[in-house]
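Engineer: Could you have a look at this structure, given as structure tokens, before my questions?
The values are calculated or read from the model by the stated rules, or taken from the named source; none is laboratory data. Since this is a predicted model, take the numbers as computed values, not measurements. A quick note on method: Cβ atoms are made from the backbone with ideal geometry, for glycine too, and the neighbour counts reach across all protein chains shown. To get the accessible areas, we keep the full protein, side chains included, count just its heavy atoms, and leave off ligands, DNA and RNA. Shrake-Rupley method; radii C 1.70, N 1.55, O 1.52, S 1.80 Å.
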Amino acid sequence: MKSIKIPNELKKMYSIFEENGFEAFLVGGAVRDVILGKEASDWDVTTNATPEQVSSIFKKVIPTGIAHGTVTVHFMKKEIEVTTYRCDSGYSDGRHPDNVTFTTNLEEDLSRRDFTMNAIAASLKDGKIVDPFDGQQDIRKKIIRTVGKAYDRFMEDGLRPIRALRFSSQLGFEIESETFEAITNSDVQENIKSISMERFRDEFTKILSSPEPSVGLKAMEKTGILKMFIPELADCRGITQADARGFHEFDVLDHNIYACDGAPRENLTVRLAALFHDIGKKDARTVEKKAFDTSKPDELSEIIHFHGHEKISAALTRPILFRLKFPNALIDKVVHLIEQHMFFFEDFWSDAAVRRFIVRVKPEFIEDLFDLRYADIYGMHRIPVAATSPAATSLNHLRDRIAFVQAQKSAVSLKDMAVNGSDLISIGIPAGKKIGIILNELFQCILDDPNMNEREQLLNVAKKLAEKY
Ligand code: ATP
Ligand code: MG
């Protein structure tokens, strides 16, 4: 390809650069994605204008990354990251360039970029491509290759190996062999360890948001990076769970990884929950010898159990996600889903049982929990759950039952109750712990029988309970 099509906004932007005597190119992911025939997600522009000059020629400019020569220009309702040509000199900490030096040479700027496919520029004027490292050829061959010697480039910045894995997962590209070898080099491995958790988390999140996270996760395992950052997950390798019942075919690590593939791509909460949902199995595993085939009572088979693993998984996941610096609200949701993932709906559940399920899971988590269940089933054999399968039918039935119970407007939270703590105090029950216990008992009564949610009736029960305690 000699040139790509430049969007109108960027052409208009170019005319401002040009009027002021500057040049400007689209660069990085946007060019890569257009060459791949995809829509670019965001626009990075590189220019010989300094950040001060960019700020003076455009109206609305925010100094978002001024230390790296980056400003964000608001232009024709778009936010465009504009970075001055840079050539970075030395990375003695393996993370930050010792000196960010500006240059007036585009090729010098391209040579500091990580991979050949990310080191292609296209003129904002006419889309003409500048590709000094044959990035287009690598894109065609679906290859990830560093600009320059992989070892040196990875020693400059320990995040780059993880970016390589992330791009391979996002794009379905192979990592070229020398580049891959360098990731496992012991110096490079030490350097990877020094990156900040925030930078790791951002790349890890992108792996989890790729079409099949298993590609990146397996590459993480193969290169030792999984053990480095999430040893608890890496330790699930070899924990077998296939037994005579035929539910599972994979070990716990592969099952978790494939379950993650089976979770909705746009839902990071469920992808994380799927990836960690069985991590506690290694601590819960027990083996029972029993006759599986009733016609052959003497033939003992091994049956593998993981009693209570969902609680252990939840307890293990919280500190992992905390360490990886995910936001607390997200951690709470993921841990809650993992804790609740072992529900088994049966058609004979009473309405009270359905109400208890809603209370336990919380209404806002029900759809995510169903998605987690679909992901869990997918992770057993890597086969999507058919709409007519018993599992899907059962979940649909539960969904209908939930809708039915919710339409009755029967209390499903403490705040829907016809009495509150003050009401209990007003009939002479002393303020304190006892109030909470009694309110909870009243709530259980309502779950069993919504007709009980009536002030006088509840206060009568409360009086009796107060005598009992
Ligand atoms: P995405 O689609 O995720 O935005 P991207 O290639 O645009 O992918 P960014 O992280 O937005 O990735 O970075 C923009 C460009 O900056 C990259 O294409 C690459 O040229 C360069 N770059 C980013 N991070 C590094 C790094 N750690 N080392 C070298 N170059 C980098
Ligand atoms: Mg980008």
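Engineer: Quick one, what does Rg over Rh come out to for the stretch 315-373 if you take C-alpha atoms and the Kirkwood Rh? Could the numbers behind the result be given before it?
Structural biologist: Values: Rg = 13.4 Å, Rh = 12.6 Å.
Taking Rg over the Kirkwood Rh, I get 1.06.
Engineer: Here's another thing I want to ask about it. Loop only by DSSP, 10 or fewer other Cβ within 10 Å of the Cβ. Give me the trypsin sites (Lys or Arg not before Pro) in the stretch 54-86 that pass, ordered by residue number. Don't skip to the answer; put the middle values down first.
Structural biologist: Details: sites: K59, K60, K77, K78, R86; in loops: K59, K77.
Within the stretch 54-86, the qualifying trypsin sites (Lys or Arg not before Pro) (loop, at most 10 other Cβ atoms within 10 Å) are K59, K77.
Engineer: Restricted to Cα positions, what overall size does the stretch 142-229 have along the principal axes? Three whole-Å values, descending.
Structural biologist: Here the spans come out as 30, 28, 19 Å, largest first.
Engineer: Working out 0.36 nm times the residue gap between N20 and K141, then minus their Cα-Cα distance, what length gain in nm do you get to one decimal?
Structural biologist: Details: separation 121, 0.36 × 121 = 43.56 nm, distance 3.94 nm.
Value of the extension gain: 39.6 nm.
Engineer: Still on this structure: Is it possible to state the helix-based mean residue ellipticity at 222 nm for the chain, with each DSSP H run of 4+ residues giving -39500 (n - 2.57), the sum divided by total residues, to the nearest 500 deg cm²/dmol? What is it?
Structural biologist: On the way: 24 runs with 238 residues, N = 469.
For the chain, the value works out to -15000 deg cm²/dmol.
Engineer: Once phi is turned into θ = phi - 60°, what whole-Hz ³J(HN,Hα) does the Karplus curve with 6.51, -1.76 and 1.60 give for every residue of the stretch 309-317, x standing for Gly and Pro?
Structural biologist: In residue order, the calculated couplings are 5, 5, 5, 5, 4, 4, 5, 6, 5 Hz.
Engineer: Let me ask you something else. How do R285, R113 stack up against each other in accessible area, from largest to smallest, with a 1.4 angstrom probe? Kindly include the intermediate steps, with their values, before the conclusion.
Structural biologist: Details: R285 85, R113 35 Å².
Largest to smallest exposure gives the sequence R285, R113.
Engineer: To continue, here is another question. Per residue, what accessible area does the stretch 394-469 have, given a 1.4 Å probe and all protein chains present, in Å²?
Structural biologist: Values: 4390 Å² over 76 residues.
That works out to 58 Å² for each residue.
Engineer: Extension gain N396-D351, at 0.36 nm per residue separation less the Cα-Cα distance, in nm? Write out the running numbers ahead of the final one.
Structural biologist: Values: separation 45, 0.36 × 45 = 16.20 nm, distance 1.57 nm.
So the extension gain works out to 14.6 nm.
Engineer: Separate question: Write down, largest first, the equivalent ellipsoid semi-axes of the stretch 414-468 in whole Å, where each equals the square root of 5 times an eigenvalue of the alpha-carbon gyration tensor. Intermediate values should be presented prior to the final figure.
Structural biologist: Details: eigenvalues 55, 22, 22 Å².
They are 17, 11, 10 Å, listed from largest to smallest.
Engineer: Please go through the residue pairs K78/K141; K227/K289; K2/K149; K12/K149 and name each one whose alpha carbons sit more than 29 Å apart in this structure.
Structural biologist: Details: K78/K141 32 Å; K227/K289 33 Å; K2/K149 27 Å; K12/K149 38 Å.
Beyond 29 Å: K78/K141; K227/K289; K12/K149.
Engineer: Give the angle, between 0 and 90 degrees and rounded to the nearest 10, that separates the Cα long axis of helix 366-381 from the longest principal axis of the Cα atoms of the chain.
Structural biologist: It is inclined by approximately 70 degrees.
Engineer: Compute the Rg to Rh ratio over the chain from the alpha carbon atoms, using the Kirkwood formula for Rh, and round to two decimal places.
Structural biologist: Working: Rg = 28.9 Å, Rh = 26.4 Å.
Here Rg/Rh amounts to 1.09.
Engineer: In whole angstrom, how far apart do the alpha carbon centroids of the stretch 111-163 and the stretch 298-353 sit?
Structural biologist: Cα centroid of the stretch 111-163 versus Cα centroid of the stretch 298-353: 42 Å apart.
Engineer: Right, another one. Please compute the alpha carbon radius of gyration of the stretch 342-450, then divide it by the globular-protein estimate 2.2 N^0.38 Å. Two decimals is fine. Display every interim value, and only then the final one.
Structural biologist: Details: Rg = 17.9 Å, N = 109, 2.2 N^0.38 = 13.1 Å.
Dividing the Cα Rg of the stretch 342-450 by 2.2 N^0.38 Å gives 1.37.
Engineer: Using a 1.4 angstrom probe on heavy atoms only, work out the carbon and sulfur share of the accessible area of the stretch 8-138 in %.
Structural biologist: Numbers: 2770 of 6130 Å².
Ligands and nucleic acids excluded, carbon and sulfur give 45 percent.
Engineer: Between D44 and residues 5 or more places away or on another chain, which pairs have amide H atoms under 5 Å apart, with H built 1.01 Å from N, and which residues are they?
Structural biologist: Residues meeting the amide H criterion: V27, A30.
Engineer: Taking 25 Å as R0, compute the FRET efficiency from the Cβ-Cβ separation of E174 and K38 and round it to 0.05. Walk me through the intermediate numbers first.
Structural biologist: On the way: r = 19 Å, r/R0 = 0.74.
With a Förster radius of 25 Å, E is 0.85.
Engineer: Could you state the angle between the C-alpha long axis of helix 160-171 and the longest principal axis of the C-alpha atoms of the chain, as a value from 0 to 90 degrees rounded to the nearest 10?
Structural biologist: 70 degrees
Engineer: Between I427 and A242, what length in nm is gained on full extension when 0.36 nm per residue of separation is reduced by their alpha carbon distance?
Structural biologist: On the way: separation 185, 0.36 × 185 = 66.60 nm, distance 5.85 nm.
Net length gain for the segment: 60.7 nm.
Engineer: Sort F365, F344 from largest to smallest accessible area, using a 1.4 Å probe on the heavy atoms of the protein chains.
Structural biologist: Values: F365 25, F344 125 Å².
Descending accessible area places them as F344, F365.
Engineer: A further question follows. D347: accessible area at probe 1.4 Å, nearest 10 Å²?
Structural biologist: 100 Å²
Engineer: Hey, any idea what % of the stretch 280-382's accessible area is carbon plus sulfur with a 1.4 Å probe?
Structural biologist: On the way: 2960 of 5410 Å².
Carbon with sulfur: 55 percent of the solvent-accessible area.
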